[in-house]
Amino acid sequence: MNSRIKLWSTTLIALIALTVSGYFYQHSVAFVRGATEDRYGLWMAALKGFQGTPRYVGSLGDDSFFRVGDLFCSRYKAPTAKLHLPRTFPLGEGTPYIISFEMVPPHP
């Protein structure tokens, strides 16, 4: 009986640790930098809002990076020159802000 409680406790602690580490990874710069270019997907995410709140998180070179969602996140990348962003800043150095679908024209 005592070993069963230890097994359940260890499993629960491992599951919580895995969930917390996944959450922090999805909110890291490393996660966002792995995004592939998908301006249409970003526009749809901003237009529909099913995935969560879309946020601009910074730019690197000619690309801007976005995170969509609050608990479970998606990541997007789009060319900065084709967007209508009010301000830009280097990736990981500014305060992320919410974007609207008007800032991300869907046409290629």
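Sorted ascending by nearby beta carbons within 10 Å, beginning with the fewest, 70, 62, 38 become 62, 70, 38. Net charge in the neighbourhood of residue 34 (other residues with Cβ under 15 Å of its Cβ; Lys, Arg +1, Asp, Glu -1) is +1. When the Cα positions of 54, 7, 21 are compared along the charge dipole of the chain, 7 comes out farthest toward the positive end, with charges on each C-beta of Lys, Arg, Asp and Glu. Of the residues 54, 86, 96, the one that moves most in a GNM of the chain with alpha-carbon contacts below 10 Å is 86. Put in order of Cβ neighbour count within 10 Å, fewest first, the listed residues 66, 101 become 101, 66. Phi angles of region 3-16 translate, via the Karplus equation with coefficients 6.51, -1.76, 1.60 and θ = phi - 60°, into HN-Hα couplings of 5, 5, 5, 5, 4, 4, 5, 5, 4, 5, 5, 5, 5, 5 Hz per residue; Gly and Pro are given as x. Taking Cα centre as origin and charging only the Cβ of basic (Lys, Arg, +1) and acidic (Asp, Glu, -1) residues, the dipole magnitude of the chain rounds to 340 debye.
Once the convex hull of all Cα atoms in the chain is built, its volume per residue stands at 105 Å³. Taking other C-beta atoms within 10 Å as the exposure proxy, 97, 76 rank 97, 76 from fewest upward.
In the chain, Cα pairs under 8 Å separated by at least six residues give a relative contact order of 27 percent.
No lab work stands behind these numbers, since they all come straight from the coordinates. Please read all numbers here as calculations on a predicted model, not as lab measurements. Every residue, glycine among them, receives a Cβ derived from its backbone with ideal geometry; neighbour counts consider all protein chains shown.
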